[in-house]
Amino acid sequence: YSLSRELIENIENYLEHSDYEKLIDFLDENNLILYYFTFCEMISAYVNDGFIDRLTLSSIAEKFVTKSNEESLIKLGITLLGVTDKDKAKAYGRVLGILSEYTFFVVYAVKNSRDENAFIFDLFKRTYGYGRLICLQSIYPFNDEMKDKILILGMENEGLEGISASILSKKVNLSWYLDPFIINEKYFHKISKVIVNILKLEEKAIYTLE
């Protein structure tokens, strides 16, 4: 709570005095992701209650995203756009979200927006590493196209196969793909990879308990 309040005070200070360095120093010392959800709730309340002007905040957020070379300010910018302007968050997020360091902030910035699931699915297909994991965790595979694609691409994440497999097993009904009338070589290969990596995770858990 206190870090969120301090960040808002720094944002208000920036709005009044353009104190760029103080804002960056605070973000560098206090990683936004550690108090992200509390901050989003608090800044949304400030905007909705009229304590901070929505258009003004949206304007500086866009400036942070497009003009800054500071990673911490870009993350703050996309977060603020998620509060003030979902369409702009999507517009910039289509590019920023490909980079794993920004994927989390983009995915949550577009939450509760129109076509949110389709947006995250598109991002999932274009990102890798932890970024792909975040997208995979956030996707709701409502149709067969999405289910097929996340099964095919979900395990193409070198070094993160175990976590990917664990998430996939909850997103896709693997038994459906094992039906004799449905299964083919492509599906069998992917499902085998999912199962093998889940078993590896369980094996590690057993050794840890021992």
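Numbers at a glance
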item	result
Compactness of the range 41-119 - radius of gyration and Dmax, Cα, Å	11.8, 34
All Cα pairs of the range 54-165, percent lying beyond 17 Å	51
Extended-chain gain in nm, criterion 0.36 nm per residue less alpha-carbon gap, ASN48 and ASN30	4.0 nm
Cα gyration tensor shape of the range 1-50, rounded if a/c is under 1.5, else prolate or oblate by comparing a/b with b/c	oblate
Gyration tensor verdict on the range 1-86 (Cα atoms; rounded if a/c is under 1.5, prolate if a/b is larger than b/c, oblate otherwise)	rounded
Rg/Rh for the range 60-101, where both radii come from Cα atoms and Rh is the Kirkwood radius	0.91
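We did not get these values from a lab; they are worked out from the coordinates using the rules stated. Model, not experiment: these values are computed from the prediction.
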